Amino acid sequence: MNPAIGFYEGRSLSDTDVFVLQNLPMPKVNKDDLMVEVKAVSVNPIDSKRRTSTKKSDQFTVQGYDACGVVVATGEEVEDFAVGDRVFYAGTTQRSGANQKYQLVDSRIAAKVPVMSSEEEMAALPLTSLTAWELLFEKFGFVPKENANNGQILLINASGGVGSIASQLASWAGLTVYGTSSPENHPWIRQNGVAHPIDHHQPLQEQLDTTFQAIALFYDGSAYLPQCSELIAPFGKIGMIVNTEKPLDLNPFKNSGVDFYWEYMFAKTDTGINIASQGAILAAIAQLVADNKIHSTVTKTISGGMTIANLKKATALVEHHHTGKVVVTGGFTDDHT
């Protein structure tokens, strides 16, 4: 059997039965699949957003969109992986997630873990690094090579999960990084490549006397977009990853030719378009980690295995905006409660 932690209905974390344990049948490996014994899982805000919006049904929902584990079986057409390989991946919203002992993942969206890297380090990276890479290098068009770019970029919410890896990638690629956070998080964002920390409690224009080729909004755009009209350079690019609470007025940007982009890393696997690019991106991330060009953003590890109690602890930290990534390690043990 395959023990898994999930739910039939999205409930508040304070609810005793927010998560339940089920023993699922062992999944059947398809031709492109890896069957992975999950060893570490990182919890993300999207877990909570998707959980709380799930209506009651007969469908058992297993989340977990950041994982690291060991390959225990491969599909007949898999060539680049073998049993025993350590891999990391974000997975997809179209299949059960990583909060189970054995998970199926399409081999095209996974990558091998560097020899010297720990499972908790790598489990913290897939979702956020894919989001950051796709926005910086696919949408904004910066070149994904060390010091290959010039200019300045502004990251709104540089201390968050995506911001913490986007700042590292942007700095590695040669950009001068400005980033917003609360002042107590300025040491953290400096550690991640932000050259100019900005206090997000104060109006941006009062702290800046420059413009930017690109602005990445890793927070509700309706709270910051009006300020961006004076900060974005002509023909600059603005990217967003979070749904907005209010409609956005894009008219102030028309005459300066500014481009807008949405980034959603599950779009590729949701649509089945260009999914192999995500495995390639994660392979590049793994190489950067191995070469000490970037580092994992895990700041809290909960050991003792994937249990309901540990999953609730990790989720509580994420829902209270813990800085850095939270990872549960140890896989499934005999005690799943």
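The values are calculated or read from the model by the stated rules, or taken from the named source; none is laboratory data. Model, not experiment: these values are computed from the prediction. Please note: Cβ atoms are built from the backbone with ideal geometry, for glycine as well, and neighbour counts cover all protein chains shown. Protein only, heavy atoms only, side chains kept; ligands, DNA and RNA dropped before computing areas. Shrake-Rupley method; radii C 1.70, N 1.55, O 1.52, S 1.80 Å.
I'm trying to understand the selection: among the residues of segment 139-169, which are under 16 Å from the mean Cα position of the chain (by Cα), on the phi < 0 side of the Ramachandran plot and not in a strand (DSSP E or B)?
The answer is Ala158, Ser159, Gly160, Gly161, Val162, Gly163, Ser164, Ile165, Ala166, Ser167, Gln168, Leu169.
Please determine whether any residue of segment 196-214 is assigned by the TED database to the domain that holds Tyr178, in a loop (DSSP other than H, G, I, E, B), at pLDDT 95 or above and in contact with a Gly (Cβ under 7 Å, 6 or more places away or on another chain).
Scanning segment 196-214 turns up no residue that is assigned by the TED database to the domain that holds Tyr178, in a loop (DSSP other than H, G, I, E, B), at pLDDT 95 or above and in contact with a Gly (Cβ under 7 Å, 6 or more places away or on another chain).
Within segment 215-247, which residues are without any contact (Cβ under 8 Å) to a residue 40 or more places away in the chain, assigned to a strand (DSSP E or B) and crowded, with 22+ Cβ neighbours inside 10 Å?
Ile232, Gly236, Ile238, Met240
Here's a check for you: in segment 73-84, which residue that is aliphatic (A, V, I, L, M) and in a loop (DSSP other than H, G, I, E, B) is least open to solvent (accessible area, probe 1.4 Å)?
Val78
Quick one: what pairs do we get from segment 166-177, first residue in contact (Cβ under 8 Å) with a residue 24 or more places away in the chain, second open to solvent by 10 Å² or more (accessible area, probe 1.4 Å) and assigned to a helix (DSSP H, G or I), C-beta under 6 Å, 6+ apart or different chains?
Val177/Ser171
Report yes if some residue within segment 179-189 is outside any helix (DSSP H, G or I), more than 24 Å from Met265 (Cβ to Cβ), of a type outside the set (Val, Ile, Thr) and open to solvent by 40 Å² or more (accessible area, probe 1.4 Å); otherwise report no.
Looking for residues that are outside any helix (DSSP H, G or I), more than 24 Å from Met265 (Cβ to Cβ), of a type outside the set (Val, Ile, Thr) and open to solvent by 40 Å² or more (accessible area, probe 1.4 Å), one finds none in segment 179-189, hence no.
Which of the residues spanning segment 323-332 are crowded, with 21+ Cβ neighbours inside 10 Å and on the phi > 0 side of the Ramachandran plot?
none
Look through Gly331, Gly304 and report the one residue that is touching a strand residue (DSSP E or B) at 6+ places or on another chain (Cβ under 9 Å) and more than 25 Å from Ile109 (Cα to Cα).
Only one candidate qualifies: Gly304.
Does at least one position in segment 19-42 carry a residue that is small (Gly, Ala, Ser), in contact with a Phe, Trp or Tyr (Cβ under 7 Å, 6 or more places away or on another chain) and crowded, with 19+ Cβ neighbours inside 10 Å?
No, that holds for no residue.
For Ala284, work out the one condition from (1) among the aliphatic types (A, V, I, L, M); (2) surrounded by 18 or more Cβ atoms within 10 Å (Cβ to Cβ); (3) at pLDDT 95 or above it doesn't fulfil.
For Ala284, the exception is condition (2).
Of the conditions (1) closer than 19 Å to Thr128 by Cβ; (2) of a type in the set (Ser, Thr, Tyr); (3) exposed (fewer than 13 other Cβ atoms within 10 Å of the Cβ), Thr271 satisfies every one except a single condition; which number is it?
(1)
Residues in segment 37-46: is at least one over 26 Å from Val113 (Cβ atoms) and either in a strand (DSSP E or B) or among the hydrophobic types (A, V, I, L, M, F, W, C) (or both)?
no
Just checking, does segment 302-322 include any residue being closer than 16 Å to Glu121 by Cβ and surrounded by fewer than 20 Cβ atoms within 10 Å (Cβ to Cβ)?
There is at least one residue in segment 302-322 that is closer than 16 Å to Glu121 by Cβ and surrounded by fewer than 20 Cβ atoms within 10 Å (Cβ to Cβ).
Pick from Val70, Val113, Val87: which is touching a Gly at 6+ places or on another chain (Cβ under 7 Å), surrounded by 20 or more Cβ atoms within 10 Å (Cβ to Cβ) and over 30 Å from His201 (Cβ atoms)?
Just one listed residue meets the conditions, Val87.
Looking at (1) closer than 18 Å to Gly91 by Cβ; (2) part of a loop (DSSP other than H, G, I, E, B), which is the only condition Lys268 fails?
(2)
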